[in-house]
Structures are given as C-alpha cells and as structure tokens.
Amino acid sequence: MIRYTEDHEWIDLDGDTGTVGISPHAIEQLGDIVFVELPEVGSEVAKGDAVAVFESVKAASDIYSPAAGEIVEVNEAMLDDLTSITPDRATESWLFKIRVADKSELDDMMDEAAYNAMIG
Amino acid sequence: MENRRTPLYDFHIAHGARMVPFAGWDMPVQYPAGIKAEHLACRAGAALFDVSHMAQVELSGAGADAMIERLTPTAMDLVKDGRVRYSLFLNETGGVLDDLMIARFEDSLHLVVNAGRATHDIAHLQANLSGDDVTMTVHDERALLALQGPMAAAVLSDLGADLTGFTFMNIKRFSLAGIDCVVTRSGYTGEDGFEISVANDVAIDLASLLAARDDVFLAGLGARDTLRLEAGLPLWGHELDETINPVEAGVSFALSKRRREAADFPGADKILADWQDGPSRQLVGLRPVGGRPVRDGTELMLDGELVGRVTSGGFAPSLDAPAALGLVAAAAAISGTMLLAATRGKETAVEVVGLPLVPHRYVRN
C-alpha cells in the first residue's frame, strides 16, 4: 500500500524496501523541474532528513525521507529528461529506494484517501 | 486583508492560471503550459501578460516637470510629447526608492510604478505636491496589459493599429479592434513589445480577443521574471533598493547629461562619485556551472573572500540553463571570473558574464 507524508512524499513498501517519490499534486505545484539532486546509494538516513532536492524555475524544494534506513537505489534515469517528471508520471518519477529500518514508522502515515483529503 | 484583484481575475481563472499573492494582489504566476513554455513562446512569438497590478499615475499642471526633476535624475525636457523614459526615484544617499516609466502624453505625465512600491511612491509624490501647480490622479480605473515578443507588432497591426513611426519608448492612443487604448512600445522582457493601458470595464474584452488568437500565448508572472532576468533588467527589491545606487545597478543611462552636469538630483554626490570613478560593486550576470540554480541571497566567494551576493537567481529557459544576477565587488565583476556560490550546503561554481544574458531586440528608430 502506498502511504503519504504531509510533505507530499509517497512510499510504496515491498518487503523491507520502500520506493519513494513525490505526489502528482506536489509535482504540479513545483512546475517545470530544472534540476534534481538524488541521495547517494549506501547512505544511512533518518526519518525526516532532507535527502533529495527538486529545483523548479522558481524555487528549490527539499524532499524528506519518510523513514529511517539505507538508500539502496536511486532513479538515475529520471535525470536524463527532467521534462518527463509530470503529475501523470509520479510513479515512474520515483526518486530512491530505501531499506526501511523500522516499518512501524510508516504506521501513522496517510493512505491515499487521507492524503487526497488533506490536499483537498 | 483580502488581496486586490485585477479586472482580468476571472479571465485568469477561466484560463487555468495558478494564482499567487504578489504585492497585495492575486496574480497569475503561470498558466497550465508552465513557465518555461510561456517564456519560450514570448521569445518566439507573442505573449500576453496582465500587469494591471502596476500603478498608473498621472501628473498634470505646470509644475509637474519641476516636481519630477526634484525626485529623479531625468531631464524632463528630453521627455518629449509622445515619448517614454525610464527613470528612478532617488533618496538622499543615492539609493533607489523605485524605478518607473515616465511618458508625456496629451499634456500630462503618465507614470507607471511597481506594484510593490505603489503605496510608497504615491505617498512620496503626494508629499512633494505641495507648493507646486500639480494634480495627481491614480488611475485605478485602468488595467495594463503587456503584449511582448517578436510577433507582438504584427498582432497589434492586425487589430488595426498603424505602427508607422511608433518605435521603442513611444506612447500613442490606438483603437485596437474598436477598444480605446493608450499604448507604449516598451516592456520588461528584452523583446519588442507593447504595454497597453485600457479601461477596466473593457480590459477583459481586449484580453479575450488577444487570447483567442493562435499567435498569442498567455504568460504569467513566473515567465515575466525569467524573461527580465535573461534581459538583465533590474527588479526593485533585488537589483535595486534604497542601498543600491543606479551606477552599481547598471542603470546609469537614467542619469540625464544635464542633470549629471548640474549635480542637482537626490544623492547626486554619491552617485556621481561612482559614475566618475567607477562603483565599488557592480551588477553582473552569473552562469552557474552544472545544472543547479543559485538563488537570491546566496553569498558569492572569490579566493575565500566574500565578494557579493546573488540578487535574482533561477533558470533561464532561453539558455536552457540556470542563470542569475548578482552584485559583486568591482574586482570580481570581470567577465570570465569564476566565483563560488554556497548553495544549500554545496558549493556551485558560477561564471561572471556580461549583461544582458540574452540580447535585447527592441525596435528602435
């Protein structure tokens, strides 16, 4: 099940490994993406750490890790064409995969219905 | 307090604009096409902007010229009937209170000032009215549209405007598809283009007529900002403020020769010293190396020394690269100099380059 943070990240857990991206709503709000910084594979991060950056024409936005763990893979392919990062491609535009240290950290995150209610 | 709305508010909503608060107004930052597409459409064709948030102020009466000369470095005899000039409200220390356009038209002076400074500027003008034969009228009943880009002239011609002899920095009354408009050939994009003053009650008619055309693209404040950044045009609060003088900001062309020789404008001592000896710091273009933009306020280092800061930073769609403007020490303000910007915990190398970043394409005499 996909879960969402209040900062518009999503995490899709498969076993111990979560795939992390940002919501279609967040992509739409950012507008044209002109630069993306991904975390380093192998780095250990805490829940809430700023681990990636989206830069739009107007502003820079930090992406926070929804859970503690180790970064095991990043989506290098997305960097080849930043114009492919569009609201309808939020799933394909995942940022990184993380081996989640404590899956219970995800328990209080929003499901899709709750997230959609939050963004109105 | 509720933000003010321009007469085009419903038009923006109908066209899917994302509205943001700006200087006390609800303004479209972008339409669904997005900032990059809107920007490129302006460089390639014609883009329509709502700039009704800027204040249109009319000064009439025999004392209007003298009053403006007390507040700015402009020689008003140069502002001939039907002409427009760029000017600056200066303070006594040579700083810039605001930049503005001054047009002489139908026996009055017509000023356009920044939205974010309108309250200040109107109070500043009001405070200087006393003792002069000057009447000030703030034209809240008029909207302002900007049609900018290399195809803008063809669009206006198509709407019935005879543009013969109507070149850059002229002002004239036109009937556009039957709508009475006061038009200047000027803008804030570096492109040829027009700013069109029109009564609020017909502004949406004109905007709708333009927007319905295949050769006109809607553009928001986001694209307006990236266009002016590439054109190296200053934005008050960034490249200009009460502590930055016109020579430092690269707008010394606004210092008229007679006024320089008479040294009779506010802050003349400080400004003219910089004009003669060269300023200690200067506005430059900046090209970050790699794809990461540098943002406003970022400090700039040369050989470990702080030499300046970014005043406006972002992305330049026409260059397909990040770009910025910055105020840097004279020693660092030499094209080709590499500076270091500390951006969000990482250092980004930035190259000092000349302005504009993208050449102006004004249609002059």
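Readers should treat all values here as calculations from the given coordinates under stated rules, not as data from a laboratory. Note that the structure is predicted; figures quoted are calculated from it, not measured. With ideal geometry, Cβ positions are generated from the backbone for all residues, glycine too; neighbour counts draw on all protein chains shown.
Provide the three semi-axes, in whole Å and in decreasing order, of the ellipsoid equivalent to segment B:214-321 as defined by the square roots of 5 times the Cα gyration tensor eigenvalues.
29, 21, 10
Mind checking the dipole of chain B: about its Cα centre, +1 per Lys or Arg Cβ, -1 per Asp or Glu Cβ, Debye to the nearest 20?
That gives chain B a dipole magnitude of about 820 debye.
How big is the charge dipole of segment A:14-78 about its Cα centre, in debye rounded to the nearest 20, if each Lys and Arg gets +1 on its Cβ and each Asp and Glu gets -1 on its Cβ?
About 280 debye.
With only alpha-carbon atoms in the gyration tensor, what are the semi-axes of the equivalent ellipsoid for segment B:1-135, in Å, largest first?
32, 17, 14
Calculate the spin-label point distance for B:Glu92 paired with B:Asp107, positioning each point 7 Å from the Cα along the beta-carbon direction, and give it in nanometres.
Result: 3.7 nm between the two label points.
Sum up the charges of everything whose Cβ sits under 11 Å from the Cβ of A:Trp10, counting Lys and Arg as +1 and Asp and Glu as -1, but leave A:Trp10 out.
Values: positive: A:Arg3; negative: A:Asp7, A:Glu9, A:Asp12, A:Asp111, A:Glu112.
Taking every Cβ under 11 Å from that of A:Trp10, the sum is -4.
Hydropathy at least 1.0 by Kyte-Doolittle, axial extent at least 30 angstrom from the Cα trace: which helices of chain B, defined as entire DSSP H runs, fit?
none
Can you list the lysines whose alpha carbon is less than 26 Å from that of B:Lys270, not counting same-chain residues fewer than 8 positions off?
Cross-link targets: B:Lys257.
Counting each DSSP H run of 4 or more residues in chain A as -39500 (n - 2.57), what helix-only mean residue ellipticity at 222 nm follows after dividing by all residues, to the nearest 500 deg cm²/dmol?
Mean residue ellipticity, 222 nm, calculated: -3000 deg cm²/dmol.
Just flag the trypsin sites (Lys or Arg not before Pro) in segment B:1-102 sitting in loop per DSSP whose Cβ has no more than 14 other Cβ atoms within 10 Å.
The qualifying sites are B:Lys80.
Whose amide H sits under 5 Å from the amide H of B:Arg4, counting only residues 5 or more places off or on another chain, with H placed in the peptide plane?
Residues meeting the criterion, in which the H sits 1.01 Å from N, are B:Trp25, B:Asp26.
What does the charge count around B:Lys257 come to, taking other residues whose C-beta lies under 15 Å from its C-beta (Lys +1, Arg +1, Asp -1, Glu -1)? If you can, show how the numbers build up before the last one.
Numbers: positive: B:Arg85, B:Arg258, B:Arg259, B:Arg260; negative: B:Glu69, B:Asp77, B:Glu261, B:Asp264.
Local charge sum for B:Lys257: 0.
Please list the radius of gyration and Dmax for segment B:1-276, considering alpha-carbon atoms only, with Å as the unit.
18.3, 53
If I build a Gaussian network model for chain A, linking alpha-carbon pairs within less than 10 angstrom, which residue out of A:Thr91, A:Thr17, A:Thr83 has the largest mean-square fluctuation?
The residue with the greatest mean-square fluctuation here is A:Thr83.
Place a point 7 Å from the Cα of B:Arg5 along the Cα-to-Cβ direction; which residues of segment B:196-212 have their backbone N under 16 Å from it?
From segment B:196-212, the list is B:200-205.
Enter the mean number of other protein chain beta carbons within 10 Å of the beta carbon of each residue in B:21-34, as an integer.
Per residue, the average neighbour count from other chains is 1.
So which of A:Lys47/A:Lys103; A:Lys58/A:Lys97; A:Lys58/B:Lys346 end up more than 23 Å apart, counting from Cα to Cα?
A:Lys58/A:Lys97
For a quick check, take a GNM of chain B with Cα springs below 10 Å and name the residue from B:Gly131, B:Gly336, B:Gly95 with the largest mean-square fluctuation.
Ranking B:Gly131, B:Gly336, B:Gly95 by mean-square fluctuation puts B:Gly131 first.
In nm, to one decimal, how far is the modelled label at B:Asp158 from the one at B:Asp277, with both set 7 Å along Cα→Cβ?
Distance between label points: 5.6 nm.
To two decimal places, what compactness ratio does segment B:19-88 give when its Cα radius of gyration is scaled by 2.2 N^0.38 Å?
On the way: Rg = 17.7 Å, N = 70, 2.2 N^0.38 = 11.1 Å.
Rg over 2.2 N^0.38 Å, computed on Cα atoms: 1.60.
Pick from B:Pro322, B:Pro32, B:Pro150: which is most flexible by mean-square fluctuation in a GNM of chain B where alpha carbon atoms under 10 Å apart are linked?
B:Pro32
Kindly provide the pair-distance distribution of the protein assembly as shown built from C-alpha pairs, with 20 Å bins from 0 and whole-percent values in order of increasing distance.
Per 20 Å bin, starting at 0, the Cα pair percentages come out as 22, 50, 24, 4, 0.
Have a look at B:Ala341, B:Ser280, B:Gly291 and report the one farthest towards the positive end of the charge dipole of segment B:280-365, computed about the Cα centre with Cβ charges (Lys/Arg +1, Asp/Glu -1).
B:Gly291
For segment B:280-365, what value does the Rg/Rh ratio take when both radii are computed over Cα atoms and Rh is the Kirkwood radius, given to two decimals?
1.00
Given the rule -39500 (n - 2.57) for each run of at least 4 DSSP H residues, summed and divided by the residues of chain B, what is its mean residue ellipticity at 222 nm, to the nearest 500 deg cm²/dmol?
-6000 deg cm²/dmol
Mind checking the alpha-carbon convex hull of segment A:1-84 and giving the volume per residue in Å³?
Spread over its residues, the Cα hull of segment A:1-84 gives 94 Å³ apiece.
Roughly how far apart, in whole Å, are the Cα centres of segment A:13-63 and segment B:108-149?
Using only Cα atoms to place each centre, the spacing works out to 45 Å.
Once segment B:54-201 is represented by equal point scatterers at the alpha-carbon sites, with solvent omitted, what log10 I(q)/I(0) does the Debye formula produce at q = 0.17 Å⁻¹?
The Cα Debye sum returns log10 ratios of -0.97.
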